[in-house]
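The values are calculated or read from the model by the stated rules, or taken from the named source; none is laboratory data. Only a predicted model underlies this, so the values are computations on that prediction, with no experimental measurement involved. Don't worry about glycine lacking a Cβ; one is built from the backbone with ideal geometry, like all the others, and counts go over all protein chains shown.
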Amino acid sequence: MATATEELNVSNSGMSLYPNPASSALNLVFDNVESGKLSIYNIFGKQVVDQSILNQNQTIVDISLLKSGLYILNFIDNKGNMMNAHFCKS
């Protein structure tokens, strides 16, 4: 299980996120991906974040306005490849 100081490589999918749990920001690092669409869903399936990632293999997502709980992060790169991860907002 990943802690706040560890980087989580999500199922060898080419995406890492940290810290987990996170309180205000989530750091995402992509391998061989620079552009795509990022979505975050709450546990009820409601989309709470929708943003484009352009020409970056690393980004920081502001999650400060999200309520505490579990979330699903979905990223679809510009080639149509989908990556998913779960994280906890503290």
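Structure values in brief
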item: Qualifying positions in region 1-23 - among the aliphatic types (A, V, I, L, M) and either surrounded by fewer than 19 Cβ atoms within 10 Å (Cβ to Cβ) or modelled with pLDDT under 85 (or both); result: M1, A2, A4, L8, V10
item: Strands (runs of 3 or more DSSP E) contained entirely in region 33-75, each with at least 2 residues that are surrounded by 17 or more Cβ atoms within 10 Å (Cβ to Cβ); result: 36-42, 47-53
item: Single condition L26 does not satisfy, out of (1) in contact (Cβ under 8 Å) with a residue 60 or more places away in the chain; (2) surrounded by fewer than 13 Cβ atoms within 10 Å (Cβ to Cβ); result: (2)
item: Every pair of residues 6+ apart whose Cβ atoms lie under 8 Å, when the first sits in region 70-83 and is modelled with pLDDT of 95 or more while the second is of a type in the set (K, R) and surrounded by 14 or more Cβ atoms within 10 Å (Cβ to Cβ); result: L70/K89; Y71/K89
